[in-house]
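The values are calculated or read from the model by the stated rules, or taken from the named source; none is laboratory data. Computed from a predicted model, the values in this text were never measured in an experiment. FYI the Cβ positions are ideal-geometry reconstructions off the backbone, even for glycines, and counts take in every protein chain you see.
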Amino acid sequence: MKKIAVIPNPMRDIGFAETKKVIKYLSAFECCVYLENDYKTELEVICCNHIKNYEFMPRNELFSAADILVTLGGDGTIIEVAVDAAKYSLPIIGINVGTLGFLTQSEKGDYSLIRDVLNDNYSITECMMLDISILDENDDVKAKSLALNDLIVSGDEYKMIAVSVNINGTNMARYSSDGLIVSGAIGSTAYSLSAGGAVMHPEVDAMIITPICPHTLKARCTVIPGESVVEIFQEPPYRTEAIVRADGKIIYKFNSCKEKIRIKRSKYTTLLVKQENENFFDVLRNKLSD
C-alpha cells in the first residue's frame with residue numbers, strides 16, 4: 001500500500017478546494033494518506049468520509065513516513081518542501097494551484113500523474129541541488145544551507161555591490177551589479193531567466209552564473225560544469241552590506257569583507273515525478289512562450 005503525503009498551500013488553494021478533490025480522488029485507490037496536523041480541523045471530515053486509511057501528523061514526520069509527496073500550490077510550494085523531501089529521497093508531484101507553475105507537473109483538476117504513480121507507471125527527474133557555505137577568513141563555516149533553485153548575493157537597500165567570482169580556485173570575473181545569481185539547471189528558469197540568463201534543460205549537469213543588472217555591457221551569464229566549486233568574495237568599494245539568499249530566504253548578512261560564499265553540488269537531489277511521455281520543450285513552450 002502506497003503512502004501519500006499531501007501538503008497544500010492554503011494561500012493558493014483557497015478553502016482547500018483542490019486538496020479536498022485530491023482526497024476524494026485518492027479514495028478510489030488502495031493507499032494511505034498523510035496530512036499535516038495544522039489542517040486537521042479543515043480536512044478531517046472529508047478524510048473520514050472518503051479515505052479508509054489516513055493520518056494527521058507533524059510536517060517533519062510526513063517526509064519520513066511517506067512514499068510520495070503531493071503538493072498543491074505553485075513552484076514556491078515545491079521549493080519550500082524540496083530540502084526536507086530530498087533528505088528522505090521522497091519524490092514530489094506538484095499540482096499547480098498558483099500562477100506560472102514551471103516546476104509543477106500537473107494543473108489543478110488533472111490527477112493523471114497521481115494515478116500513474118499509484119499504478120507504478122512513471123519516471124523521475126533528478127534535479128541537482130546547491131550546497132552553500134559561508135566561510136570566514138580562516139575557512140571556518142559561519143552558515144550552511146541547501147537550495148533547489150538558486151543562491152543570490154545582493155546589496156542592502158538596492159545598492160550596487162562589487163563581487164569577485166572564483167571557479168575551482170581560478171578567478172573568473174569581477175562584477176559591479178545589483179547582485180549575482182548562481183543556479184543549477186532547474187533554477188535556470190527562475191530569477192536567472194528574468195535577469196537575462198540562459199534556459200538549461202533540467203538534465204544538463206551544469207550551473208549558471210548570472211549578474212543582476214550589471215554596470216557594464218560585457219557581463220553575461222556563464223554556464224560552468226556541475227562539479228565546479230564556486231567562490232564569491234565581496235570586493236571594494238564596500239558600498240553596502242552583502243546579503244545572501246538561498247531559494248529566496250535570507251541565510252546570512254556579511255559581517256566582514258573577508259568572508260566568502262562557497263557553492264558546490266549537493267549530495268542531495270530533488271526528485272520530481274514526471275509522466276513517461278512528458279517533454280521539457282513542450283513545457284517550456286506552454287509555460288514561457290508569449
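Of the residues making up region 222-243, those that are modelled with pLDDT of 95 or more and either over 17 Å from Ile261 (Cβ atoms) or not aliphatic (A, V, I, L, M) (or both) are Thr222, Val223, Pro225, Gly226, Glu227, Ser228, Glu231.
Per-residue answers, yes or no, for (1) assigned to a helix (DSSP H, G or I); (2) touching an Asp or Glu at 6+ places or on another chain (Cβ under 7 Å); (3) of a type in the set (Asp, Glu):
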residue	(1), (2), (3)
Ser133	no, no, no
Asp139	no, no, yes
Leu151	no, no, no
Met172	no, no, no
Ser183	no, yes, no
Val199	no, no, no
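For the residues Asp84, Asp131, Asp120, the requirement of being farther than 21 Å from Glu276 by Cβ and free of Cβ contacts under 8 Å to residues at least 60 places away in the same chain singles out Asp84. State yes or no: is Asp178 over 24 Å from Lys144 (Cβ atoms), charged (D, E, K, R) and either surrounded by fewer than 22 Cβ atoms within 10 Å (Cβ to Cβ) or not assigned by TED's automatic domain parsing to the domain that holds Ile93 (or both)? Yes. None of Gly101, Gly109 is among the small types (Gly, Ala, Ser), outside any strand (DSSP E or B) and surrounded by 13 or more Cβ atoms within 10 Å (Cβ to Cβ) except Gly101. It is to be established whether one or more residues within region 255-272 are over 25 Å from Ala143 (Cβ atoms), in contact (Cβ under 8 Å) with a residue 60 or more places away in the chain and out of contact with any strand residue (DSSP E or B) (no Cβ under 6 Å at 6 or more places or on another chain). Checked region 255-272: no residue is over 25 Å from Ala143 (Cβ atoms), in contact (Cβ under 8 Å) with a residue 60 or more places away in the chain and out of contact with any strand residue (DSSP E or B) (no Cβ under 6 Å at 6 or more places or on another chain). Filtering region 64-72 for residues that are under 27 Å from Val283 (Cβ atoms) and among the polar types (S, T, N, Q) leaves a non-empty set.
Taking the residues in region 246-290 that are part of a strand (DSSP E or B) and more than 19 Å from Leu148 (Cβ to Cβ) as candidates, determine which candidate is modelled with the lowest pLDDT. The extreme case among them is Lys253. Can Glu157 be described as surrounded by fewer than 20 Cβ atoms within 10 Å (Cβ to Cβ), of a type outside the set (S, T, N, Q), touching a residue at least 60 places away in the same chain (Cβ under 8 Å) and on the phi > 0 side of the Ramachandran plot? Yes.
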